[in-house]
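Student: Take this structure first; my questions come after.
The values are calculated or read from the model by the stated rules, or taken from the named source; none is laboratory data. The structure presented is a predicted model; accordingly, all values stated were derived computationally and were not measured. For neighbour counting, all protein chains shown are included, and Cβ atoms are generated from backbone atoms with ideal geometry for every residue, glycine included. SASA here: full protein model, heavy atoms, side chains in, ligands and nucleic acids out. Shrake-Rupley method; radii C 1.70, N 1.55, O 1.52, S 1.80 Å.
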Amino acid sequence: YFAIPFLLVLAIGTVVTIAWPAKYLAEGKILISSQEIPTELVRPTVSTVANDRIQLIEQRIMTRDNLLEIAKKYKITPGWQERASGTEIIDFIRARTVIEPSELKLNKMMNQQGRPKNAIAFSVGFEYEKPQIATLVANELVTMILKEDVRLRTNDATETTRFLGQEVKRLETQLNVNDRQITELKRLSNTAPTGTGDAT
């Protein structure tokens with residue numbers, strides 16, 4: 001009663017294990033840190049912490065067009081299917097893609113000025129039956145994430161620079177107004193008549 005079911009299950013498990021295709025996971029790790037501009041100096045118009053930035057980047061790169069381009073470039077198909085619809089391919093790539101925070105979280109890094117800054121490490125991976133394809137797709141995803149992060153940082157820096165420029169102009173205008181007021185007060189004080197009293 002015990003040996004026959006055990007051998008039967010063992011045989012079926014062995015056949016399934018041998019016949020089932022192996023999956024390979026290629027991963028890369030990315031470290032994203034928050035801005036280094038002191039908050040007491042300027043409050044940027046666009047301010048996102050690392051976790052929000054990861055979610056934003058993931059939404060921007062995991063679009064239909066990007067995934068279809070990756071599938072076409074590396075000839076990715078779901079399982080053993082030779083042909084699949086665009087929706088099936090997209091769902092397949094999204095299911096096989098891993099973008100999640102890593103166990104290594106650096107929350108107390110120091111910038112060049114010795115100020116603490118927030119940072120987070122996260123992994124980007126792709127799982128596929130062919131290890132070469134898994135590696136190429138994972139590299140593609142990492143490259144896309146890095147490019148998108150650079151673009152977001154450039155936009156943040158541009159908006160911050162624009163904000164600082166506006167503040168400089170506002171302060172210069174206010175300073176000119178104050179200088180004119182001070183000059184006018186000095187002129188009025190110098191031209192004011194000085195009264196002389198007659199002694200009786």
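Student: If you scan the range 1-15, which residues turn out to be at pLDDT 75 or above and of a type in the set (Val, Ile, Thr)?
Tutor: Result: 4, 9, 12.
Student: When the range 153-200 is examined, which residues are found to be at pLDDT 80 or above, farther than 30 Å from residue 57 by Cα, charged (D, E, K, R) and open to solvent by 90 Å² or more (accessible area, probe 1.4 Å)?
Tutor: Of everything in the range 153-200, those that are at pLDDT 80 or above, farther than 30 Å from residue 57 by Cα, charged (D, E, K, R) and open to solvent by 90 Å² or more (accessible area, probe 1.4 Å) turn out to be 169, 170, 172, 180, 186, 187.
Student: Additional query: Right, residue 41: at pLDDT below 85 and either among the aromatic types (Phe, Trp, Tyr) or open to solvent by 100 Å² or more (accessible area, probe 1.4 Å) (or both) or not?
Tutor: yes
Student: Taking only pairs six or more apart or across chains, which ones have beta-carbon atoms under 7 Å, a first residue in the range 127-139 that is within 16 Å of residue 89 (Cα to Cα), and a second residue that is small (Gly, Ala, Ser) and surrounded by 16 or more Cβ atoms within 10 Å (Cβ to Cβ)?
Tutor: Pairs that qualify, where the first residue is within 16 Å of residue 89 (Cα to Cα) and the partner is small (Gly, Ala, Ser) and surrounded by 16 or more Cβ atoms within 10 Å (Cβ to Cβ), are 127/134; 128/134; 134/26.
Student: For the range 90-131, name all the residues that are at pLDDT 90 or above, open to solvent by 50 Å² or more (accessible area, probe 1.4 Å) and out of contact with any strand residue (DSSP E or B) (no Cβ under 9 Å at 6 or more places or on another chain).
Tutor: 91, 94
Student: Is it true that some residue in the range 132-144 is at pLDDT below 90 and either part of a helix (DSSP H, G or I) or surrounded by 13 or more Cβ atoms within 10 Å (Cβ to Cβ) (or both)?
Tutor: Among the residues of the range 132-144, not one is at pLDDT below 90 and either part of a helix (DSSP H, G or I) or surrounded by 13 or more Cβ atoms within 10 Å (Cβ to Cβ) (or both), which makes the answer no.
Student: Could you look through the range 44-80, keep only residues that are surrounded by 13 or more Cβ atoms within 10 Å (Cβ to Cβ) and polar (S, T, N, Q), and pick out the one that is modelled with the highest pLDDT?
Tutor: Within the range 44-80, the match that is modelled with the highest pLDDT is 66.
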